[in-house]
1. In degrees from 0 to 90, rounded to the nearest 10, what is the angle of the helix 222-231 Cα long axis to the longest principal axis of the chain?
2. Using DSSP to define loop residues, name the trypsin sites (Lys or Arg not before Pro) in the range 402-448 whose beta-carbon has at most 12 other beta-carbon atoms within 10 Å.
3. If each of residue 137 and residue 502 carries a label point 7 Å out from its Cα toward its Cβ, how far apart are those two points in nm?
4. Would you please state which residues of the range 456-471 a label at residue 363 would reach in this model, taking the label point 7 Å out along Cα→Cβ and a backbone N cut-off of under 18 Å?
5. What do you get for the angle between helix 3-23 and the principal long axis of the chain? Use alpha-carbon atoms, 0 to 90 degrees, nearest ten.
6. Averaging sequence separations of C-alpha pairs under 8 Å and six or more residues apart, then dividing by the length of the chain, give the relative contact order as a whole percent.
7. Could you work out how much longer the chain between residue 89 and residue 489 gets when fully extended? Use 0.36 nm per residue separation minus the Cα distance between them, nm to one decimal.
8. Any idea what the relative contact order of the range 252-362 is, in percent, if you count C-alpha pairs under 8 Å spaced at least 6 apart?
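The values are calculated or read from the model by the stated rules, or taken from the named source; none is laboratory data. Computed from a predicted model, the values in this text were never measured in an experiment. So basically every Cβ, Gly included, is an ideal-geometry build from the backbone, and we count neighbours across all protein chains shown. Protein only, heavy atoms only, side chains kept; ligands, DNA and RNA dropped before computing areas. Shrake-Rupley method; radii C 1.70, N 1.55, O 1.52, S 1.80 Å.
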Amino acid sequence: MSFEEYLDNVKKMIDELKAMSQGLGLANTGDEYKIISELFTYKFLNDKLIHDFDNREDKEETFEDFVAFADSQTARIQEEHLISSLFQQQNKSNFHVLFDRALVAISELNKDIYSVETATGKKKPLFEPLASYIRDEDKEVELAKKSINILKKYKFENIYENGWDYFSSIFEYLIKDYNKDSGKYAEYFTPVFAGKIMASILYNDTPVDKVSVYDPAAGSGTLLLSMANEIGVNNCTIYSQDISQKSTQFLRINLILNRLAHSLHNVVEGNTLTNPQHLDGEDLQTFDFIVSNPPFNTDFSADVETLEGDKYDRFFAGIPNIPNKKKDSMSIYQVFLQHILASLNESGKAAIVVPAGFLTAGVGIPKKIRQEIVDNNWLTGVISLPSNIFANTGTNVSIIFIDKAKKDDTVFLMDATKIGTKISLDDGQRTILTNEEINDIIDTFKQKNEKENYSVQVTKTDVQNKNYSFAGGQYFKVEMVQSDISQAEFNEQLEKFQENLAKYFEIGKELEKKITSKLGELKYE
């Protein structure tokens with residue numbers, strides 16, 4: 001199955017699950033989201049177990065023995081709790097009870113590895129009984145029967161060898177109806193190509209081993225997966241935190257499907273800014289690589305007092321002011337940026353998505369952060385991307401690259417804002433980059449290849465002298481093009497300009513008379 005076929009089938013399954021929920025009176029509710037995401041998780045763990053069993057080394061090994069000795073990369077599900085087994089029992093009067101018992105049993109069997117910890121220390125199980133999400137007892141059997149029939153209909157058993165980000169596009173498709181229940185915080189869909197660009201440039205074809213990769217606003221894990229698959233899943237350990245329950249659920253299954261279950265205990269659901277959970281004693285834990293697309297705007301005014309008293313001394317540039325009217329326009333990314341700088345180890349590298357306005361802001365927190373990065377010689381480069389590349393914002397964005405161990409004083413700046421193709425979608429306009437354009441961005445940056453009005457290499461001093469501007473366009477050479485023309489050609493062009501000006505002046509006079517006349521007709525009533 002190709003990735004395109006996989007996406008098509010998953011979206012069909014989502015549509016059927018949503019139609020089922022609508023028929024049960026759960027449309028566009030938080031409970032509908034929880035039901036669908038839970039069924040999703042069950043489906044993919046079931047199918048991956050079947051795939052792993054079919055491809056086991058010892059073909060004589062029974063299913064029972066295979067499950068008993070399965071490693072962390074394979075969910076442990078007893079045979080009677082598989083989708084195929086439950087499908088055969090759906091005509092029993094207590095089928096909803098059997099289904100819920102299966103989900104609880106699977107959670108219990110996998111709790112040591114697959115549970116996710118919240119910032120309060122609570123362990124969240126894989127599954128809750130479906131009955132806990134539906135208030136009408138008469139509909140419990142209907143929910144269970146329809147669910148098992150939809151899950152049985154689709155097969156995802158031959159897709160686990162490719163290192164895909166299984167849920168980036170699916171996450172966007174699924175959550176568009178459910179952003180009401182937990183706000184906008186961290187619900188930022190990052191396009192896969194952005195992850196590819198960031199991972200390819202950070203890794204830079206240099207083999208590494210036993211490194212740590214962190215994202216403080218991880219979402220469903222697009223950037224972490226891109227980095228892990230670039231480095232090699234056996235060569236890195238993943239760390240993440242995100243306040244969003246939705247995102248964390250999909251991140252968890254993404255790690256399992258990408259052979260990164262060994263990092264599940266490092267996935268934390270909670271507020272990174274007020275309560276960071278990855279610590280080294282009393283200090284912040286620091287990491288080898290950080291990749292992040294932090295939220296740009298959200299209301300965190302209730303947290304300002306806590307952040308101002310931060311015991312980790314992260315916020316050297318300060319905390320954004322609270323707007324008088326629109327509190328959700330607080331520039332939360334500025335706080336995340338400072339957290340990221342504090343979380344990089346002495347040789348660490350980072351790639352962070354920022355709004356384009358950050359690159360040139362003349363005063364305040366953004367400039368202070370840029371000064372810190374440049375004066376310490378951490379800035380490797382910047383890539384400015386086209387507008388409308390994200391699903392939920394038309395904001396122009398850029399990626400800044402940081403290397404705390406950088407030796408030379410060069411900075412590579414790219415302006416890729418003019419490439420890409422604009423298409424219209426249901427949620428507005430989107431800019432799509434071709435594989436050729438993506439690879440050109442990566443190759444140009446890695447090879448430090450200067451191209452006219454596209455990329456330029458400057459020095460740390462150049463950036464300091466430009467008021468710490470990170471915008472590539474401000475460093476491009478401006479060439480004056482001269483054209484030799486004869487006296488007669490000059491006179492002819494000048495005469496045309498004068499004729500055109502005379503016409504415009506006449507039009508202006510007529511327009512002035514009309515406006516004056518209309519103003520004279522106005523009366524107070």
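1. 80
2. Working: sites: 404, 406, 407, 418, 422, 430, 446, 448; in loops: 404, 406, 407, 418, 448.
When the trypsin sites (Lys or Arg not before Pro) of the range 402-448 are filtered for loop state and at most 12 Cβ neighbours within 10 Å, 407, 418, 448 remain.
3. 9.5
4. Output list for this probe position: 467-469.
5. Value to nearest ten degrees: 70.
6. Working: 819 pairs, mean separation 55.2, N = 525.
Once divided by the residue count of the chain, the mean separation gives 11 percent.
7. Numbers: separation 400, 0.36 × 400 = 144.00 nm, distance 9.06 nm.
Gain in length upon complete extension: 134.9 nm.
8. Working: 124 pairs, mean separation 35.2, N = 111.
RCO, the range 252-362: 32 percent.
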